[in-house]
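Everything on this sheet refers to the single structure shown next.
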Amino acid sequence: MATSGRSAVRSRTAARLSASTGARYHGAFQRYEAVAEANGLASLFRRDGHLFLYPDRATYEADGLAWGLRQRYGIEWQELEGQALHAFEPGLGAHHRFGVYIRAGANLSDPGAFVAGLIEGAARRGAVQQRARATGFRFEGNRLRAVKTDHGDIDCGRAVLTAGINARDLALQCGDQVPLEAERGYHVVVPDIEGGPRYPVMMMDGKMIFTRTQAGLRIAGQVELASLGAAPDWRRADILLKHLERAFPAMSDRLEEGVIDRWMGNRPSTPDGIPSIGPSRLSPDIIYGFGHGHSGITMAPTTGRLIADLCGGGHPVIDPKPYGAERFR
């Protein structure tokens with residue numbers, strides 16, 4: 001295939017994936033704000049925007065396909081170059097001379113506390129939490145009768161499978177061989193000290209993001225394909241710190257204050273980058289909602305709404321067809 005042909009295929013593929021992703025992002029901010037307000041968590045949902053960093057304009061222009069797709073879906077941004085960029089984000093080092101600021105970007109200042117708050121809110125409205133490890137299902141014909149766990153069966157007529165990377169084996173019991181793989185990512189949290197970013201920053205030449213959280217400055221990124229049980233490679237966390245020092249050199253002499261936390265997690269990723277959402281092959285009583293890769297938090301409100309529609313028989317908020325697990329058969 002000629003180079004131009006490969007480029008055309010990449011463009012069509014990117015457009016298809018972008019359309020799928022854009023649908024899942026639709027209304028996410030508004031849904032987050034509504035649920036945060038309803039559960040007393042509004043202070044944890046922040047709309048400070050996102051700053052995307054590039055070494056120079058040429059590097060940004062080489063990333064034109066991604067920005068063209070953002071423009072297609074109505075995302076607006078402000079270009080910042082040279083002195084304007086460094087006035088906007090004063091702690092930046094000389095390595096980065098071009099940036100793009102998306103004002104509409106949002107983030108959670110404490111994702112763990114936000115999820116815990118949602119659980120508490122659900123409990124106040126009558127939800128019951130049971131802690132157990134799901135191991136399988138009990139059916140009569142194609143109708144679900146119980147979820148099997150290491151603490152015994154839980155009788156039910158409907159189940160939602162949102163077990164992340166651990167959903168693969170459970171989905172197999174439901175007739176679907178979803179090629180889910182662990183795309184491991186790392187993060188480091190350091191004390192929220194002076195000289196760091198004022199805004200959430202995506203460092204495009206390192207493919208990592210810096211975000212101020214209630215615990216400190218969180219640096220997250222890296223992609224590592226490894227078996228689910230493999231030990232973490234903490235050298236990848238050290239790489240994150242090196243990139244932090246390059247982007248914000250004023251922080252380098254203060255890092256001896258210590259790293260608060262190092263973490264590694266298994267992103268549940270599919271080959272086509274699209275999650276599995278919808279009924280299982282074996283039973284309509286089991287609804288999938290896993291495989292979101294890097295974007296689970298961002299896509300959560302729309303995924304949750306779609307799952308609720310599918311469970312309750314309502315009109316789906318988006319077309320569920322592109323997310324069905326049958327595409328892997």
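The values are calculated or read from the model by the stated rules, or taken from the named source; none is laboratory data. Keep in mind it's a predicted model, so treat the numbers as computed, not measured. Counting neighbours? That spans all protein chains shown, and the Cβs are built from the backbone with ideal geometry, glycine included. Just so you know, the surface numbers come from the protein's heavy atoms only, side chains and all, with ligands and any DNA or RNA stripped out. Shrake-Rupley method; radii C 1.70, N 1.55, O 1.52, S 1.80 Å.
Counting only residues that are open to solvent by less than 30 Å² (accessible area, probe 1.4 Å), within 29 Å of GLU194 (Cβ to Cβ) and part of a loop (DSSP other than H, G, I, E, B), segment 248-288 holds 2 of them. Evaluated against (1) in contact (Cβ under 8 Å) with a residue 60 or more places away in the chain; (2) closer than 27 Å to ALA106 by Cβ, GLY175 falls short on exactly one condition, (2). Can you pull out the residues in segment 225-247 that are touching an Asp or Glu at 6+ places or on another chain (Cβ under 7 Å) and buried (at least 16 other Cβ atoms within 10 Å of the Cβ)? Of everything in segment 225-247, just one residue is touching an Asp or Glu at 6+ places or on another chain (Cβ under 7 Å) and buried (at least 16 other Cβ atoms within 10 Å of the Cβ), namely ARG236.
Scanning segment 136-169 for residues that are without any contact (Cβ under 8 Å) to a residue 24 or more places away in the chain, surrounded by 13 or more Cβ atoms within 10 Å (Cβ to Cβ), in a strand (DSSP E or B) and not small (Gly, Ala, Ser) yields ARG138, ARG145, VAL147, LYS148, THR149. Looking at the structure I just gave you, is LEU69 over 26 Å from PHE114 (Cβ atoms) and within 21 Å of the chain's Cα centre (by Cα)? Answer is yes for this residue. Only a single criterion out of (1) within 18 Å of the chain's Cα centre (by Cα); (2) more than 26 Å from GLY49 (Cβ to Cβ) is not satisfied by GLY273, namely (2).
Residues in segment 116-130 that are without any contact (Cβ under 8 Å) to a residue 12 or more places away in the chain and in a loop (DSSP other than H, G, I, E, B): ARG125, GLY126, ALA127, VAL128, GLN129. Residues that are at pLDDT below 95, open to solvent by 50 Å² or more (accessible area, probe 1.4 Å) and part of a helix (DSSP H, G or I) within segment 50-109 comprise LEU65, ARG70, GLN71, ARG72, listed in sequence order.
VAL178: β-branched (Val, Ile, Thr), touching a helix residue (DSSP H, G or I) at 6+ places or on another chain (Cβ under 6 Å) and part of a loop (DSSP other than H, G, I, E, B), yes or no? Judged against the criteria, VAL178 is a match.
Residue-level check: of (1) under 20 Å from MET264 (Cα atoms); (2) of a type in the set (Lys, Arg); (3) open to solvent by 50 Å² or more (accessible area, probe 1.4 Å), ARG125 misses just (1).
Quick check: is even one residue across segment 83-102 hydrophobic (A, V, I, L, M, F, W, C), free of Cβ contacts under 8 Å to residues at least 24 places away in the same chain and within 30 Å of GLY324 (Cβ to Cβ)? Checked against the condition, which is being hydrophobic (A, V, I, L, M, F, W, C), free of Cβ contacts under 8 Å to residues at least 24 places away in the same chain and within 30 Å of GLY324 (Cβ to Cβ), segment 83-102 yields no hits at all.
The set of residues from segment 181-206 being outside any strand (DSSP E or B), in contact with a strand residue (DSSP E or B) (Cβ under 6 Å, 6 or more places away or on another chain) and open to solvent by 20 Å² or more (accessible area, probe 1.4 Å) comprises ASP192, TYR199, MET204.
Once segment 37-49 is narrowed to residues that are open to solvent by 40 Å² or more (accessible area, probe 1.4 Å) and not in a loop (DSSP other than H, G, I, E, B), the residue that is farthest from TYR101 (Cα to Cα) is ALA38.
Residues in segment 299-321 that are open to solvent by 60 Å² or more (accessible area, probe 1.4 Å) and either more than 20 Å from LEU108 (Cβ to Cβ) or in contact with a Cys (Cβ under 8 Å, 6 or more places away or on another chain) (or both): how many?
Count: 5.
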